[in-house]
Amino acid sequence: MATPSGQGGVAVVRVSGPRALAVAEAVAGPLPGPREAALRGFRDRGGETLDHGLVLVFPGPASYTGEDVVELQGHGSPAAVAAILEALCAAGARPAGPGEFTERAFLNGRLDLTQAEAVASLIEAETDGARRAAVRALTGEFGRRVNGLADRMMDLRARVEAFLDFPEDEDVPAEAPELGTEVRGFCAELNEIRRRVVAGARLGEGMRVVLIGPPNAGKSSLLNRLSGEEAAIVSAQAGTTRDVVRQRAVIGPRQAELLDTAGLRDGAEKDEIEAEGARRARVAAGQADLLLIVVEAGAKLDGELEARLEAQAPRPAVVVRNKIDQTGEEPGWVDGAGSRPHVSTAWVSAHSGAGIEVLRNGLETLVAGAAGEDAWAARRRHVEALDRADRDLQIAQAAAEHGGQEELVAEALRRCQEALGEITGRVSHEALLDRIFSGFCIGK
Ligand SMILES: Nc1nc2c(ncn2[C@@H]2O[C@H](COP(=O)(O)OP(=O)(O)OP(=O)(O)O)[C@@H](O)[C@H]2O)c(=O)[nH]1
Ligand SMILES: [Mg+2]
């Protein structure tokens, strides 16, 4: 079943495999020509009509899976779909496992692994940024760049190994190949790929926006404003928030997780609970992709908050001056500049809502800037493989610069190439494929 279960206008059931045509014909009758639609009655073995709908035939190898594929488009009724599935199984089909269509597409060479995973990322995409990164990876650009780099490494390895193994051969140059420049080129290319992959992996994970500041500054009020829900308790009593309160929100192109924290009293917590709350706030602040320091308008930032702003660089931070309804200041936003390009300032009132829209727009710009317009939808395993490739490439580079260590360079390049091969699926293990495709929804 290719469409979600439940009631809907249309439900699509797909059959793929060497016997797909015969199985579909048993249920839908004579099939139309390739990629043409025909209206048919769907019948069970006893000849009872289960539903009416369209039939489409995609002969292999030019189909999604690379095999013969037939699509039955019936009414979006759970009962009709169940009956059609049963009739197809009676005719010789079996239910598909999660991601099995895409796995077959990969095994039949229709997609590389990065594209197969981009299909899952596209289905999961909840924001525009995530959608764009998935579409970019789906074109195969990510996989081509990785394979291209691996191919160049293989070429260089071949030349190095020829020099080492067949020094007498007249086709092999007598001089050791000059490795430094080429390996440096590989490093630059790997860095560029890694940057785009890390940006994409972040898109999928969502970004962590942490609110910290002195007690009573209005952090919880601001979290409620930004998320549009009364997620955190607000009170005039200082020290209201003790635990970290998490709330999901969409900021511009990205998923975000907003974290509200206990107020920081510059190290002078009153009791054990408050001290633990402050400790948790500091841990959260240290992991912030975007830090919001909330203070009362007109108040000075204490030493700890100033230090946190510095530590946040180059990741962005915003000093939110709250409660402007009390000071009479205007709502506004000023971008970071001068010695602190990463620190913007906003003037708001969480109470009246003044400046909240301006703050939200400012945050969207910061988030979009951090999202990377050229990101590829990527998974943690891609980042891990690139990290391994990077470590080996560092070894290759050190050996290449040193000179006379051709053997070491060739071996490091081999490992690097293998790590890259895991990304696109040139090197694949059954366990890895299982893990990747079991994360898909059934029917894709
Ligand atoms: N006048 C005014 N009051 C505000 C504003 N924002 C919050 N308050 C009030 O300030 C008090 C503290 O607000 P909270 O949101 O609980 O502050 P907090 O920073 O989460 O405080 P702790 O959790 O104790 O650290 C409450 O009485 C709020 O109603 C504002 O923009 N203007
Ligand atoms: Mg609070």
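A short reminder: the numbers here are calculations on the coordinates, not readings from a lab. Since we're looking at a predicted model, the values are computed, not measured. Neighbour counts are summed over all protein chains in view; Cβ atoms, including those assigned to glycine, are modelled from backbone coordinates with ideal geometry.
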Using alpha carbon centroids, what distance separates the range 375-442 and the range 274-328, in Å? 39 Å
What is the gain in length, in nm to one decimal, between Thr181 and Thr49 on full extension, counting 0.36 nm per residue of separation less the C-alpha to C-alpha distance? 40.5 nm
Ranking of Ser227, Ser438 by count of other Cβ atoms within 10 Å, fewest first: Ser438, Ser227
Backbone HN-Hα couplings from phi across the range 419-432 [Karplus 6.51/-1.76/1.60, Hz, Gly and Pro as x]: 4, 5, x, 5, 5, 8, x, 5, 10, 9, 10, 4, 4, 5
Using only DSSP helix segments of four residues or longer, with each worth -39500 (n - 2.57), what per-residue ellipticity at 222 nm results for the chain after dividing by its residue count and rounding to 500? -15000 deg cm²/dmol
Kindly write out, for the range 24-35 in residue order, the coupling ³J(HN,Hα) from the Karplus curve 6.51 cos²θ - 1.76 cosθ + 1.60 (θ = phi - 60°), rounded to whole Hz, with x marking Gly and Pro. 5, 4, 4, 9, 9, x, x, 8, x, x, x, 6
Positive-pole candidate from Pro18, Gly298, Phe42, dipole of the chain, charges at beta carbon: Phe42
So if R0 is 25 Å, what FRET efficiency would Val358 and Ala299 give, r being the distance between their Cβ atoms, rounded to the nearest 0.05? 0.80
Of all DSSP beta bridges in the chain, what percent run antiparallel (nearest 5)? 60 percent
Stretched fully, the stretch from Asp128 through Ser438 gains (0.36 nm per residue minus C-alpha distance, one decimal, in nm) 109.1 nm
Considering amide H positions built from the backbone, and no H for Pro or chain starts, which residues 5 or more places from Arg208, or on another chain, come under 5 Å of its amide H? Glu257, Asp289, Leu290
Long-range HN-HN contacts of Asp68 with modeled amide H, under 5 Å: Gly17, Gly60
Listed residues Ala378, Ala24, Ala134, most fluctuating in the chain (Gaussian network, C-alpha, under 10 Å): Ala24
Return Cys89, Cys187 ranked ascending by Cβ neighbour count within 10 Å, so the fewest neighbours appear first. Cys89, Cys187
Loop GluC sites (Glu not before Pro), the range 124-161, which have at most 13 other Cβ atoms in a 10 Å radius of their Cβ (DSSP): Glu126
Starting from the Cα of Arg94, step 7 Å toward the Cβ, then list every residue of the range 1-40 with an amide N under 15 Å from that point. 16-20
Please check: in the Gaussian network model of the chain (C-alpha springs, under 10 Å), which one of Asp302, Asp289, Asp68 has the largest mean-square fluctuation. Asp302
Label points 7 Å out from Cα along the Cβ direction at Asp390 and His75: separation in nm? 5.6 nm
Listed by chain and number, the residues whose amide H is under 5 Å from that of Ile251, excluding neighbours fewer than 5 places away on the same chain and using placed H, are Ala256
Could the peptides 81-88, 110-117, 333-340 be put in order, highest first, of the mean number of other beta-carbon atoms found within 10 Å of their residues? 110-117, 81-88, 333-340
Kindly provide the trypsin sites (Lys or Arg not before Pro) of the range 18-57 that DSSP labels as loop, not H, G, I, E or B, and whose Cβ sees at most 16 other Cβ atoms within 10 Å. Arg19, Arg35, Arg45
R0 of 60 Å, Cβ-Cβ distance Arg248-Ala38: FRET efficiency to nearest 0.05: 0.85
Order of Thr49, Thr345 under a 10 Å beta carbon neighbour criterion, fewest first: Thr49, Thr345
Whole-Hz couplings from phi, Karplus 6.51/-1.76/1.60, listed for the range 11-19; x for Gly and Pro: 10, 10, 10, 10, 10, 9, x, x, 9
Selected from Ser349, Ser77, Ser121 as most flexible by GNM, with the chain as the system and alpha-carbon contacts under 10 Å: Ser77
